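**Student:** Below is one structure. I have some questions about it.
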Amino acid sequence: AEFVSAKEWMRICFELLELLKANKKAIRRAAVSTFGYIAKAIGPQDVLHTLLNNLKVQDRQMRVCTTVAVAIVAETCGPFTVLPALMNEYRVPEVNIQNGVLKALSFMFEYIGEMGKDYIYAVTPLLEDALMDRDAVHRQTGCACVKHLARGVAGLGCEDALIHLLNYVWPNIFEDSPHVINATCDAIEGL
């Protein structure tokens, strides 16, 4: 990896974005994993910038693959390298981008497990906002984040933050959408 220039790695990153459109799941999975290896080789910032820009595309499959890639970069290089950029990106007032950030956080907390303990207090305000949003998909994805976060930090002394988040999760049980209800029940189960 050290014999290849960072510029060449970035060129490969841009070509990998095209592979996220592939019909075969194995190709998409390999492309997503490769982002983690490239981030390890050249550092996460440039790779993350490329991925976060990709959250703006219309193709849902590409956005989902991008969120998984962001989570893999976080797992590979450490969540502290990704979280500030993700939280900043959430401030963009566009539904697809915010949902992508929430999805990336959900995958990230699923992958990092116990390491979530160090970040629970940082992401709590963002999750509060997501769980109170008018958009049902925001609330559903916020519940998925809470579920993975709660499972990762269980028994690690973060009960105060988890109970605080439960107060935002609970009202979603009265939602009409079965998807939101299922996500809410999963979050409550995780708590």
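The values are calculated or read from the model by the stated rules, or taken from the named source; none is laboratory data. Not measured: the values here are computed from a predicted model. Virtual Cβ from ideal backbone geometry, glycine too; neighbours counted across all protein chains shown.
**Student:** Does any residue in the range 163-191 that is more than 20 Å from residue 109 (Cα to Cα) come within less than 6 Å, Cβ to Cβ, of a residue that is assigned to a helix (DSSP H, G or I) and not small (Gly, Ala, Ser) six or more places away or on a different chain, and which pairs are these?
**Tutor:** Going by the 6 Å Cβ cut-off, the qualifying pairs are 172/139; 172/180; 172/184; 173/184; 175/181; 179/140.
**Student:** Can you find a residue in the range 164-172 that is modelled with pLDDT under 95, in contact with a Lys or Arg (Cβ under 8 Å, 6 or more places away or on another chain) and assigned to a helix (DSSP H, G or I)?
**Tutor:** yes
**Student:** Also, I was wondering about something else. Among 128, 175, which is the only one that is farther than 17 Å from residue 79 by Cβ, in contact with a Phe, Trp or Tyr (Cβ under 6 Å, 6 or more places away or on another chain) and surrounded by fewer than 22 Cβ atoms within 10 Å (Cβ to Cβ)? Outline the logic, then answer.
**Tutor:** Details: 175 fails: in contact with a Phe, Trp or Tyr (Cβ under 6 Å, 6 or more places away or on another chain).
Selected residue: 128, the only one of 128, 175 that is farther than 17 Å from residue 79 by Cβ, in contact with a Phe, Trp or Tyr (Cβ under 6 Å, 6 or more places away or on another chain) and surrounded by fewer than 22 Cβ atoms within 10 Å (Cβ to Cβ).
**Student:** Still on this model: Can you confirm whether residue 156 is over 13 Å from the mean Cα position of the chain (by Cα), of a type in the set (A, V, I, L, M, F, W, C) and either surrounded by 24 or more Cβ atoms within 10 Å (Cβ to Cβ) or over 30 Å from residue 37 (Cβ atoms) (or both)?
**Tutor:** Working: over 13 Å from the mean Cα position of the chain (by Cα): yes; of a type in the set (A, V, I, L, M, F, W, C): yes; either surrounded by 24 or more Cβ atoms within 10 Å (Cβ to Cβ) or over 30 Å from residue 37 (Cβ atoms) (or both): no.
For residue 156, the condition - over 13 Å from the mean Cα position of the chain (by Cα), of a type in the set (A, V, I, L, M, F, W, C) and either surrounded by 24 or more Cβ atoms within 10 Å (Cβ to Cβ) or over 30 Å from residue 37 (Cβ atoms) (or both) - is not met.
**Student:** In addition: Do we have residue 47 as in contact (Cβ under 8 Å) with a residue 12 or more places away in the chain and within 22 Å of residue 15 (Cβ to Cβ) here? Explain how you work it out, then say what you get.
**Tutor:** Working: in contact (Cβ under 8 Å) with a residue 12 or more places away in the chain: yes; within 22 Å of residue 15 (Cβ to Cβ): yes.
Spelling it out, residue 47 is indeed in contact (Cβ under 8 Å) with a residue 12 or more places away in the chain and within 22 Å of residue 15 (Cβ to Cβ).
**Student:** May I ask you to list the residues in the range 13-33 that are surrounded by 19 or more Cβ atoms within 10 Å (Cβ to Cβ) and assigned to a loop (DSSP other than H, G, I, E, B)? Give the steps one after another, and end with the answer.
**Tutor:** Just the residues of the range 13-33 that are surrounded by 19 or more Cβ atoms within 10 Å (Cβ to Cβ), to begin with: 13, 16-17, 20, 28, 31-32.
The one that is surrounded by 19 or more Cβ atoms within 10 Å (Cβ to Cβ) and assigned to a loop (DSSP other than H, G, I, E, B): 20.
**Student:** Output yes when any residue across the range 102-121 is loosely packed, with under 15 Cβ neighbours inside 10 Å and either of a type in the set (A, V, I, L, M, F, W, C) or more than 29 Å from residue 36 (Cβ to Cβ) (or both), and no when none is.
**Tutor:** No, that holds for no residue.
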